[in-house]
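Scroll down for the structure; my scribbles are underneath it.
The values are calculated or read from the model by the stated rules, or taken from the named source; none is laboratory data. Worth saying up front: this structure is predicted, and the values here are computed from it rather than measured. Every residue, glycine as well, gets a Cβ built from its backbone with ideal geometry; the counts of neighbours run over all protein chains shown.
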Amino acid sequence: MLLASLSFAIMGGFAKTVSAVLPPVEVTFFRNVFGVALVGFAIYKTPLKQIGGKPLLLLFRGTMGFAALLAYFYIIAYIPLGEAVTYNKTSPIFVAIFAYIFLNEKLSRWSILAVLIGFVGIAFISMPQEGSFSFNKYTLLGIFSGVGAALAYTSIRELRAYYDTRAIVMSFMGVGTIAPLLLMLLTPYVNAPKSLDFMFSEFVMPEGIIWLYVLIMGLSATASQILMTKAYEYTKAGIVGTISYSNIIFALVIGIYLGDPIPTPLKVLGIILVISSGLIVALSKEKK
């Protein structure tokens, strides 16, 4: 899981670098296309073994995962990498809420405490230098990256009883490859407002070293998925979930190396609170 977290942070670093040249919808495409090729080859070599029967839920999982990733790749171009990863790591908070709403899972006192701590952390991270709360576009998309990921993760709990794991992964990477292509093809014909610039952008051909960065980004993303899956196979989910928060530390270091400002004390406190809320959720489930 430590290697998976490092790979995820490396992916974020290269995504942040190429985002200076490529639009987020195109970065999302390149992040997924390598995974489609690898998972597709794995399915070709060993056919899927599954019951099936939940195609709409499978599509929902892929769509939410794609939307969350698109929001994440958009904000990392404008805010520090460590903060962007922290927003994405709020997903366990929202998973606890969605599992209570949709799966009738009990929301324990510890989970309620975790949710409250997490939201306070989000508020602190969203505060600019002058100390006033600022729920701007980047904050909203950052929170959505956590919400979208949580909806995708919650749907997996239902899907794994019907589908092969590779089919579930392919639903995410497949939508994450096809949807960006469609959005880029539609861009010349859609007069979209500037507020939707994270969705509609024309294709920009990568040049020179950018091709290498795109390749490393796609490979590190795929490596992160494989390593994380293996981690959950080898030991308890609570332990793996706890260690997964190391990717925030990795992202902070990589972000500062790339030129991000050092977080203010209030933002550091917000990051600590978000990490704490996730640990409470993970450890309370482990204890249960």
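If you go through the stretch 35-56 one residue at a time, do you hit one that is closer than 30 Å to residue 260 by Cβ, in a helix (DSSP H, G or I) and under 21 Å from the mean Cα position of the chain (by Cα)?
Yes; the residues of the stretch 35-56 include at least one that is closer than 30 Å to residue 260 by Cβ, in a helix (DSSP H, G or I) and under 21 Å from the mean Cα position of the chain (by Cα).
Going by the structure shown, is residue 246 hydroxyl-bearing (Ser, Thr, Tyr), under 18 Å from the mean Cα position of the chain (by Cα) and under 17 Å from residue 70 (Cα atoms)?
Taking the combined requirement at face value, the residue does not satisfy it.
Could you please let me know if residue 205 is touching a helix residue (DSSP H, G or I) at 6+ places or on another chain (Cβ under 9 Å) and either of a type outside the set (Gly, Ala, Ser) or within 22 Å of residue 65 (Cβ to Cβ) (or both)?
No.
Only residues in the stretch 1-30 that are aromatic (Phe, Trp, Tyr) count as the first member; pair them with residues that are outside any helix (DSSP H, G or I), Cβ under 9 angstrom, at least 6 apart or cross-chain, and list the lot.
8/244; 29/203; 30/22; 30/206
Based on what the data block shows, is residue 174 within 16 Å of the chain's Cα centre (by Cα), farther than 27 Å from residue 243 by Cα and among the small types (Gly, Ala, Ser)?
yes
Are any of the residues in the stretch 36-58 more than 20 Å from residue 197 (Cβ to Cβ), touching a residue at least 12 places away in the same chain (Cβ under 8 Å) and aromatic (Phe, Trp, Tyr)? First the steps, then the outcome.
Restricting attention to the stretch 36-58, the residues satisfying the condition of being more than 20 Å from residue 197 (Cβ to Cβ) are 36-58.
Those left that are additionally touching a residue at least 12 places away in the same chain (Cβ under 8 Å): 36, 38-40, 42-43, 48-54, 57-58.
Then keep just the ones that are aromatic (Phe, Trp, Tyr); that gives none.
No, the stretch 36-58 has no match at all.
Quick one: residue 83 ticks every box in (1) of a type in the set (D, E, K, R); (2) within 19 Å of residue 278 (Cβ to Cβ); (3) over 21 Å from the mean Cα position of the chain (by Cα) bar one, so which box is it?
In the conditions (1) of a type in the set (D, E, K, R); (2) within 19 Å of residue 278 (Cβ to Cβ); (3) over 21 Å from the mean Cα position of the chain (by Cα), residue 83 misses (3) alone.
Please enumerate the residues belonging to the stretch 60-112 that are acidic (Asp, Glu) and touching a residue at least 60 places away in the same chain (Cβ under 8 Å).
83
Keeping to the stretch 200-236, report how many residues are in contact with a Ser or Thr (Cβ under 7 Å, 6 or more places away or on another chain) and hydroxyl-bearing (Ser, Thr, Tyr).
Result for the stretch 200-236: 4.
Among what's in the stretch 193-202 and is in contact with a helix residue (DSSP H, G or I) (Cβ under 9 Å, 6 or more places away or on another chain) and surrounded by fewer than 17 Cβ atoms within 10 Å (Cβ to Cβ), pick the residue that is modelled with the lowest pLDDT. Reasoning before the result, please.
Let us first name the residues in the stretch 193-202 that are in contact with a helix residue (DSSP H, G or I) (Cβ under 9 Å, 6 or more places away or on another chain), namely 195, 197-202.
The next check asks that each one be surrounded by fewer than 17 Cβ atoms within 10 Å (Cβ to Cβ); those that pass are 195, 197, 202.
Numbers: 195: 81, 197: 86, 202: 89.
Taking the candidates together, the pick is 195.
For the stretch 265-276, state whether one or more residues are farther than 14 Å from residue 86 by Cβ, surrounded by fewer than 20 Cβ atoms within 10 Å (Cβ to Cβ) and either touching a helix residue (DSSP H, G or I) at 6+ places or on another chain (Cβ under 7 Å) or not basic (Lys, Arg) (or both).
Step one: filter the stretch 265-276 for residues farther than 14 Å from residue 86 by Cβ, giving 265.
Pick out the ones that are also surrounded by fewer than 20 Cβ atoms within 10 Å (Cβ to Cβ) and you get 265.
Cutting the leftovers down to either touching a helix residue (DSSP H, G or I) at 6+ places or on another chain (Cβ under 7 Å) or not basic (Lys, Arg) (or both) gives us 265.
Looking for residues that are farther than 14 Å from residue 86 by Cβ, surrounded by fewer than 20 Cβ atoms within 10 Å (Cβ to Cβ) and either touching a helix residue (DSSP H, G or I) at 6+ places or on another chain (Cβ under 7 Å) or not basic (Lys, Arg) (or both), one finds at least one in the stretch 265-276, hence yes.
Any idea which of 205, 228, 217 is closer than 24 Å to residue 18 by Cα, surrounded by 15 or more Cβ atoms within 10 Å (Cβ to Cβ) and either hydrophobic (A, V, I, L, M, F, W, C) or out of contact with any Lys or Arg (no Cβ under 8 Å at 6 or more places or on another chain) (or both)?
Within the list 205, 228, 217, the selection yields 217.
Exactly one condition in (1) buried (at least 20 other Cβ atoms within 10 Å of the Cβ); (2) modelled with pLDDT under 85; (3) among the aliphatic types (A, V, I, L, M) is false for residue 107; which is it?
Looking at each condition in turn, residue 107 falls short on (1).
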